[in-house]
Amino acid sequence: MLYRRHLRIKALQALYSWYSGGFESLPVGEKQLLKSIDKLYELFVYQLSFLVEVRRFTLVRIEENKNKYFPTEEDLNPNLKFVNNRVLTLLDDNRDFLKKEEVLKVNWSQEQEMFLKFYHLLRNSDFYAKYLSETEDSLEEDKKFVIKVIDRLMLDFEILRSYYDEKDMYFTEGYDLTNILLVNFVDSITTKFTVDSSLPGIYKTSGQKVNDDEYFARTLFRKVILNDDEYSKIVEGKTKNWDYDRIPLIDVILLKMAIVELLEMNTIPVKVTMNEYIELAKYFSTAKSKIFINGVLDKLISEFKTDERIKKTGRGLID
């Protein structure tokens, strides 16, 4: 389920902690990296559960409104499009999801005030009213609506963020990334998804004897640390126009991670590595870092090719 970019981000975060003195040893740092990835998946299940619980909460409200002393026409004949949303009903019936909820002991019973506030937030949104009024009734329409709930409401719902802040520090750092995973998962749901379907694992290769994605994350972290002196000299040699000690730590880490991919990972195309680390620089470092990373990597790749240090297996992986 995690894309390689997500794994690069987790490795970057772990390496930043390492260079900031956050870990006492490499094995401890590696263990924390893998734990942070596992925790990201736990948060993914929690966020799915939150969405489903909003539906459950709405169902309860509908029944309560019907039993008012003086129910309105809307109370007696509510629009059920939201509670019949195919994405949410499929999840609420899915055995694997329910099992994961149970294993993690997800329990929202003490958080009904939070759900009441989100319920009102949802009902007052313009896209909610539009969704209920639309005549189109399909899985695709339901998916688009749920994605809007994630993007427009859950992402900035501070009460939910605060709930996770108190629950687990790993949940705090993974909140934004998990919402991306939610959107990708909802968008991937098809009519083949049933009560017996399994939720995607945290790694795309989950279930294989050798987990390529886990190996990728571990290798990025380990190789940067184990080859720190060598990679520092390589980077210094290509940054003579800059004071090396004043280069942002994030930029140095990104360059060392890119070197690992270029020299140690023979199935990742050179262009992919180049583009990925330029993008990460845009999001995690300074305004000028994109240009800096681009220039240094361009020099490194040219030199590595000349020295025949880049060994890629497969056509088109070097160019």
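The values are calculated or read from the model by the stated rules, or taken from the named source; none is laboratory data. Computed from a predicted model, the values in this text were never measured in an experiment. Note: ideal-geometry Cβ built from the backbone for every residue, glycine included; neighbour counts use all protein chains shown.
A compact table of results
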| item | result |
| --- | --- |
| Yes/no for F57 being more than 30 Å from R222 (Cα to Cα), over 19 Å from the mean Cα position of the chain (by Cα) and in contact (Cβ under 8 Å) with a residue 12 or more places away in the chain | yes |
| Those helices (runs of 4 or more DSSP H) lying entirely in the range 69-119 with at least 1 residues under 23 Å from the mean Cα position of the chain (by Cα) | 86-93, 95-103 |
| From the options D212, D165, D228, D176, residue that is within 26 Å of S109 (Cα to Cα), out of contact with any helix residue (DSSP H, G or I) (no Cβ under 6 Å at 6 or more places or on another chain) and acidic (D, E) | D176 |
| The listed residue being within 25 Å of Q32 (Cα to Cα) and without any contact (Cβ under 8 Å) to a residue 40 or more places away in the chain, out of E230, E279, E308 | E230 |
| When residues of the range 253-309 are limited to those that are in contact with an Asp or Glu (Cβ under 6 Å, 6 or more places away or on another chain) and small (G, A, S), the one farthest from W18 (Cα to Cα) | S289 |
| Residues located in the range 135-172, provided they are in a loop (DSSP other than H, G, I, E, B) and either surrounded by 12 or more Cβ atoms within 10 Å (Cβ to Cβ) or among the β-branched types (V, I, T) (or both) | T135, L155, F157, D168 |
| Only listed residue being touching an Asp or Glu at 6+ places or on another chain (Cβ under 7 Å), without any contact (Cβ under 8 Å) to a residue 60 or more places away in the chain and not aromatic (F, W, Y), chosen from I147, I159 | I147 |
| Hits in the range 13-23 (condition: surrounded by fewer than 21 Cβ atoms within 10 Å (Cβ to Cβ) and part of a helix (DSSP H, G or I)) | Q13, Y16, S17, Y19 |
| Pairs with Cβ under 6 Å, 6+ apart, first in the range 1-23 and under 12 Å from L33 (Cβ atoms) and of a type outside the set (G, A, S), second modelled with pLDDT of 90 or more and in a helix (DSSP H, G or I) | L7/F216; L7/A217; K10/S36; K10/I37; L15/V224; L15/I253; W18/G29; F23/G29 |
| Cross-chain or 6+ apart pairs with Cβ under 7 Å, the range 81-104 first and assigned by TED's automatic domain parsing to the domain that holds Y46 and under 15 Å from T190 (Cα atoms), then surrounded by 14 or more Cβ atoms within 10 Å (Cβ to Cβ) and of a type in the set (D, E) | N85/D142; R86/D142; V87/D142 |
| The listed residue being modelled with pLDDT of 95 or more, surrounded by fewer than 21 Cβ atoms within 10 Å (Cβ to Cβ) and under 23 Å from the mean Cα position of the chain (by Cα), out of I268, I250 | I250 |
| Residue list for the range 58-109, restricted to those being charged (D, E, K, R) and under 24 Å from L132 (Cβ atoms) | R61, E63, E64, K66, K68, E73, E74, D75, K81, R86, D92, D93 |
| Test result for D38, out of contact with any helix residue (DSSP H, G or I) (no Cβ under 7 Å at 6 or more places or on another chain), touching a residue at least 12 places away in the same chain (Cβ under 8 Å) and farther than 30 Å from E140 by Cβ | yes |
| Complete set of residues in the range 226-239 that are assigned to a helix (DSSP H, G or I) and surrounded by fewer than 18 Cβ atoms within 10 Å (Cβ to Cβ) | L226, D228, D229, E230, S232, K233, E236, G237 |
| Residues of the range 186-215 classified as at pLDDT 95 or above, crowded, with 17+ Cβ neighbours inside 10 Å and assigned to a helix (DSSP H, G or I), total | 1 |
| Some residue of the range 119-131 being in contact with a helix residue (DSSP H, G or I) (Cβ under 9 Å, 6 or more places away or on another chain) and within 24 Å of T194 (Cα to Cα) | yes |
| Residues located in the range 24-45, provided they are farther than 24 Å from Y163 by Cα and assigned to a helix (DSSP H, G or I) | L26, P27, V28, G29, E30, K31 |
